[in-house]
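K.L.:
Take this structure first; my questions come after.
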Amino acid sequence: MKPLTVRQREILDCIRRSVENEGFPPTIAEIARAIGVSSPHGVREQLRALERKGVIELIPSASRGIRLLARAEEPGLPLIGKVAAGRPLLTEAQVERYCQLGPELFEHKGDYLLRVQGMSMRDAGIIDGDLLVVQQAQEARSGQIVVVRLHDEVTVKRLRLEGALVYLEPANPEFSVIAVDPERQPLCIEGIVVGVIRTRVG
C-alpha cells in the first residue's frame, strides 16, 4: 500500500474517532467540518483515494457509507526533514517518510517527527540529527519546549512568557535568547515537543 498523504491520514483519523466514539462513521459534511475545509468535493476525492489504497470501502447511496477495512492501519508518523520557509510543516512536500513508533514510547501522543538541525538545545538533551516527537498545537505553556515559526524560519526553543513579550530560550550558552513582541513580529507556535529520539551514538 502506498503511504497515505497527510490529508488522508487526517481524514482516516476523523473516521476512526467517529466509529470509536459514536459507533458509526461520519458524513462527508462532518469530515469537512472536522478538518476545516468548506467544500465537500475535496473530501470525496480523498475518500476515493483511501478506497483505492484499500483502507476503506465506500458504500454507494448511504449518507454514512464508509467502512473501515482491516488494512486501515497506521502508516506511522510523518518525518519532516528540511523545512521550507513560509510553508506549513505538515505538507506532503516536506514529508521525508513515515516512521512506525509504538504509542507506549511517549506519555503524550505525537503528530509528526521533526529532524533537529543545530545544537541550540544541547543542554536540554536535544542535539543535531535527533528526531523530535511533536504534538501539533497553536498554544503552549511557559516552560515547554516548542517548535515555532518566526520570520519564515522554524526553530526549537523553550518558551517563556513574561508580560506582553515572548522569549524563546536556547539550552546552550553559545546562543542568545530571542525576545519577541507578538504585536510587532509574527510568531506562530507549530507544536510542543513530547519526545526525543537519538538517531546516532557518540
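K.L.:
I'd like to verify a number: residues in region 179-195 that are open to solvent by 60 Å² or more (accessible area, probe 1.4 Å) and either closer than 21 Å to ALA124 by Cα or touching a helix residue (DSSP H, G or I) at 6+ places or on another chain (Cβ under 9 Å) (or both), how many?
P.N.:
0
K.L.:
Take the residues in region 54-72 that are open to solvent by 60 Å² or more (accessible area, probe 1.4 Å) and in a loop (DSSP other than H, G, I, E, B), then tell me which one is modelled with the lowest pLDDT.
P.N.:
ARG71
K.L.:
I'd like the full set of residues that are at pLDDT below 80, surrounded by fewer than 19 Cβ atoms within 10 Å (Cβ to Cβ) and either in contact with a strand residue (DSSP E or B) (Cβ under 7 Å, 6 or more places away or on another chain) or closer than 30 Å to ASN172 by Cα (or both), limited to region 73-93.
P.N.:
Within region 73-93, GLY76, GLY81, LYS82, ALA84, ALA85, GLY86, ARG87, PRO88 meet the criteria.
K.L.:
Regarding GLU96, is this residue closer than 18 Å to LEU132 by Cα, open to solvent by 50 Å² or more (accessible area, probe 1.4 Å), modelled with pLDDT under 90 and part of a strand (DSSP E or B)?
P.N.:
yes
K.L.:
Moving to a separate point now. Suppose we filter ASP152, ASP111 for residues that are in contact (Cβ under 8 Å) with a residue 60 or more places away in the chain and either touching a Leu at 6+ places or on another chain (Cβ under 7 Å) or open to solvent by less than 40 Å² (accessible area, probe 1.4 Å) (or both); which single one remains?
P.N.:
Result of the check over ASP152, ASP111: ASP111.
K.L.:
State which residue pairs qualify: first residue on the phi > 0 side of the Ramachandran plot and inside region 114-136, second residue modelled with pLDDT of 90 or more and assigned to a strand (DSSP E or B) in any location, beta carbons under 8 Å apart, and separation of 6 or more residues or different chains.
P.N.:
From residues that are on the phi > 0 side of the Ramachandran plot, the pairs are GLY125/VAL196.
K.L.:
Name the pairs: first residue in region 36-58 and within 11 Å of LEU4 (Cβ to Cβ), second residue of a type in the set (S, T, N, Q) and open to solvent by less than 80 Å² (accessible area, probe 1.4 Å), Cβ to Cβ under 7 Å, at least 6 apart or on different chains?
P.N.:
Pairs that qualify, where the first residue is within 11 Å of LEU4 (Cβ to Cβ) and the partner is of a type in the set (S, T, N, Q) and open to solvent by less than 80 Å² (accessible area, probe 1.4 Å), are GLN46/GLN8; ALA49/GLN8; LEU50/GLN8.
K.L.:
Continuing with this model, one more query. Just name the residue that is nearest to GLN136 (Cα to Cα) out of those in region 14-31 that are assigned to a helix (DSSP H, G or I) and open to solvent by 50 Å² or more (accessible area, probe 1.4 Å).
P.N.:
So the residue we want is ARG17.
K.L.:
Mind checking whether some residue in region 32-52 is open to solvent by 50 Å² or more (accessible area, probe 1.4 Å), touching a Leu at 6+ places or on another chain (Cβ under 8 Å), at pLDDT 90 or above and charged (D, E, K, R)?
P.N.:
The answer is yes, given that some residue of region 32-52 is open to solvent by 50 Å² or more (accessible area, probe 1.4 Å), touching a Leu at 6+ places or on another chain (Cβ under 8 Å), at pLDDT 90 or above and charged (D, E, K, R).
Residue-by-condition table, conditions (1) out of contact with any helix residue (DSSP H, G or I) (no Cβ under 8 Å at 6 or more places or on another chain); (2) open to solvent by less than 20 Å² (accessible area, probe 1.4 Å); (3) part of a loop (DSSP other than H, G, I, E, B):
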residue: ASP123; (1), (2), (3): yes, no, no
residue: GLY129; (1), (2), (3): yes, yes, yes
residue: ARG141; (1), (2), (3): yes, no, yes
residue: LEU168; (1), (2), (3): yes, yes, no
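The values are calculated or read from the model by the stated rules, or taken from the named source; none is laboratory data. Not measured: the values here are computed from a predicted model. Note that each Cβ is placed from the backbone with ideal geometry, even for glycine, and that neighbours are counted across all protein chains shown. Please note that ligands, DNA and RNA were not included when accessible areas were found on the heavy atoms of the full protein model with its side chains. Shrake-Rupley method; radii C 1.70, N 1.55, O 1.52, S 1.80 Å.
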